[in-house]
Amino acid sequence: MISSYALSPTRVGAVINRNVGALRSGPSYWLVLFSGFFEPILYLFSIGVGVGALIGDLNVDGKTMSYAAFVAPAMLAVSAMTGALAETTFNFFFKFKYVKTFDAMLATPIRPMEIALGELTWAMLRGSLYTACFLVVMILMGLTTPIWALAAFPATMLVGLAFGSVGMALSTVIRGWQDFDLVFTGQFAMFLFSGTFSPVQNYPLGVEILIWITPLYHAVELVRGLSTGVLSISMLGNVAYLVVMAAVGLSIAGRRLAKVLTA
Amino acid sequence: MTQEPLIRARGLVKKFGDFTAVDGIELEVAPGEAFGFLGPNGAGKSSTMRMIGCVSTPTAGELRILGMDPVKDGPKIRARLGVCPQLDNLDPDLTVFENLTTYARYFGIPRAEGRRRATELLEFVQLTEKAGSKVEPLSGGMKRRLTIARAMVNEPDLVLLDEPTTGLDPQARHLLWERLFRLKQGGTTLVLTTHYMDEAEQLCDRLVVMDGGKIVAEGSPRHLIDTYSTREVVELRFGDETPTAYVEKLAGIGDRLDPLPDRLLLYTSDGDSAISEVHRRGFAPSSVLVRRSTLEDVFLILTGRTLVD
């Protein structure tokens, strides 16, 4: 229900606390976390290192780098995306539609936007757990330095925030599990084409523009720039894109939660 | 201040599209009262409860809860409510104990205090030995008791119970009624919905009968029975013909005859003499039962339909 009371950090914290409790409650949540982390790592090794050996070095924007060094930051951005999306699609939808976790919350002083904020923060934390581990792997493989890893980490948090909030907005509008297939198809298409495995300039102009519109491209550009230490002014545009994406997603999710749960 | 009702509704309406779920009801609930909404499924009980629980906006009319406006002061009101929904929405990812402590955090109750209350409440609903269990293996009655314990975690002024014993076996229902009775004795105001007349009789000081979104009668269970029904009801079953066929044959006996698909209800102040009259007219029912009038009869008389169909 709409109310004039300000959002309360304590209540947002209580929503996050519920997920901490779920995490502590048994091995099932950990298994989900674990499997989600490994996917980008596997791609890094099979494509980045394996296929990279066939390709040799790459020249991107006048800088020579190994193919693995090119792919690794993209996989870093992907792991932020998958971590946050897994939380705000599957887990969120299950709590929203099936076990009615949010109905129970709304019988207390907690408000729909506080649920959205709490769930989004949790999703971002999950994404950040993935990217922190991934950055350690990158440092160990010599694909970034500890300093640039520290610079890239907050950027991956922003990526998690942006994708988490859009995922959550989608979860409040989709009709059922079958609609998630569409979401995952879109996610996979972005995963393949967003400058992840080859520079976007390799595609025809039309495709390049299409890629430029989609979010993972901006996430990859930002994270790649920071983790490789090649900064450019266009990264501010990437940040702006992700900030707007997070804000729009959050606002839709908050409104939809209120509309659906307090009819 | 103490005289102010906890709930006051004037011309309260809830519409979903073209469908009117609640059609202009008036009611007041005083502090310490156990107040019931009795009615069949679809009567508008749950919609009313959701408006009182500040999770559903009234379409029209006036509603004050604890002296506040639910649209403006939702979070503030909900901080003082305990809600036991019709369908359990306990958290399957958490243990029984954590369900209470996590819920306490939603109210901003400090962790240590939440644990203290959780321990105390599990004792109260007799689930102490299940504290470390997940929710899923619990029986229906246990889940419902846990939901009630959860509704008590913020020490509410007003507890809302939507069909608290629907789907429970008789033993579980009696245990629950006994716990709710203790809450009531402790001074907690209870508002509940039910379609069981025995539940309303057991728990409610006062109740309204709802049908089709409207309040059709109001009073204490005793008052309603005295007003709308007779002292006794004779249930007659006949082996040969439908009960309807006997309405004319038995006309004039008792105050009223109500044929149901399987039996004929005969409302009278004196059951035994009514039975004598039935026999004197030469009819031999296959079974005869004389009982006291209940709210079920009141409902049937008021609406022409049974509560549980």
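Inclusion of B:Thr20 among residues that are outside any strand (DSSP E or B), of a type in the set (Val, Ile, Thr) and at negative phi is not warranted. I'm trying to understand the selection: among the residues of segment A:107-144, which are of a type in the set (Lys, Arg) and within 14 Å of chain B (Cβ to nearest Cβ)? Result: A:Arg111, single match. The condition of being among the hydrophobic types (A, V, I, L, M, F, W, C), open to solvent by less than 20 Å² (accessible area, probe 1.4 Å) and either more than 29 Å from B:Asp297 (Cβ to Cβ) or touching a residue at least 12 places away in the same chain (Cβ under 8 Å) (or both) holds for B:Val22. Given the criteria of a type in the set (D, E, K, R), open to solvent by less than 20 Å² (accessible area, probe 1.4 Å), within 11 Å of chain B (Cβ to nearest Cβ) and in contact with a helix residue (DSSP H, G or I) (Cβ under 6 Å, 6 or more places away or on another chain), does A:Arg11 qualify? When the stated conditions are applied, A:Arg11 does not pass them. Looking at the structure I just gave you, is A:Ala104 within 9 Å of chain B (Cβ to nearest Cβ) and either over 20 Å from A:Val173 (Cβ atoms) or part of a helix (DSSP H, G or I) (or both)? Criteria met by A:Ala104. I'm trying to understand the selection: among the residues of segment B:263-295, which are touching a residue at least 40 places away in the same chain (Cβ under 8 Å), surrounded by 12 or more Cβ atoms within 10 Å (Cβ to Cβ) and outside any strand (DSSP E or B)? The answer is B:Ala274, B:Ile275, B:Val278, B:Phe283, B:Pro285, B:Ser293, B:Thr294, B:Leu295.
Residues in segment A:107-124 that are touching a residue at least 60 places away in the same chain (Cβ under 8 Å) and in a helix (DSSP H, G or I): A:Pro112, A:Met113, A:Glu114, A:Ile115, A:Ala116, A:Leu117, A:Gly118, A:Glu119, A:Leu120, A:Thr121, A:Trp122. In segment B:154-174 there is at least one residue that is assigned by TED's automatic domain parsing to the domain that holds B:Leu90, hydroxyl-bearing (Ser, Thr, Tyr), without any contact (Cβ under 8 Å) to a residue 40 or more places away in the chain and farther than 12 Å from B:Val83 by Cα. Here A:Gly142, A:Gly160, A:Gly164 are screened, and the one residue that is within 24 Å of A:Ile41 (Cα to Cα) and free of Cβ contacts under 8 Å to residues at least 12 places away in the same chain is A:Gly142. Within segment B:49-80, can you find the residues that are within 7 Å of chain A (Cβ to nearest Cβ), crowded, with 23+ Cβ neighbours inside 10 Å and closer than 12 Å to B:Val159 by Cα? Listed by number, the residues that qualify are B:Gly53, B:Arg78.
Only one of the numbered conditions (1) over 25 Å from A:Val260 (Cβ atoms); (2) among the small types (Gly, Ala, Ser); (3) open to solvent by less than 30 Å² (accessible area, probe 1.4 Å) is violated by A:Ala132, and that is (3).
For segment B:102-154, name all the residues that are part of a helix (DSSP H, G or I) and of a type in the set (Lys, Arg). Steps first, answer last, please.
So in segment B:102-154, the residues part of a helix (DSSP H, G or I) come out as B:102-106, B:111-124, B:128-130, B:140-151.
Once the filter is applied, which keeps residues that are part of a helix (DSSP H, G or I) and of a type in the set (Lys, Arg), segment B:102-154 yields B:Arg105, B:Arg111, B:Arg115, B:Arg116, B:Arg117, B:Lys130, B:Lys143, B:Arg144, B:Arg145, B:Arg150.
For (1) buried (at least 22 other Cβ atoms within 10 Å of the Cβ); (2) within 8 Å of chain A (Cβ to nearest Cβ), each residue gets a yes or a no:
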residue: B:Val83; (1), (2): yes, yes
residue: B:Val96; (1), (2): yes, no
residue: B:Thr102; (1), (2): yes, yes
residue: B:Pro110; (1), (2): no, no
residue: B:Glu113; (1), (2): no, no
residue: B:Gln126; (1), (2): no, no
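Just name the residue that is most open to solvent (accessible area, probe 1.4 Å) out of those in segment A:70-101 that are away from chain B (no Cβ under 14 Å) and not hydrophobic (A, V, I, L, M, F, W, C). Step by step, filter segment A:70-101, then rank; the result is A:Thr82. Output the residues belonging to segment B:220-229 that are open to solvent by less than 20 Å² (accessible area, probe 1.4 Å) and either of a type in the set (D, E, K, R) or part of a loop (DSSP other than H, G, I, E, B) (or both). Matches in segment B:220-229: B:Ser229 only.
The values are calculated or read from the model by the stated rules, or taken from the named source; none is laboratory data. In this text, all values refer to a predicted model and were calculated from it rather than measured experimentally. Note that each Cβ is placed from the backbone with ideal geometry, even for glycine, and that neighbours are counted across all protein chains shown. Note: areas computed on protein heavy atoms with side chains; ligands, DNA, RNA excluded. Shrake-Rupley method; radii C 1.70, N 1.55, O 1.52, S 1.80 Å.
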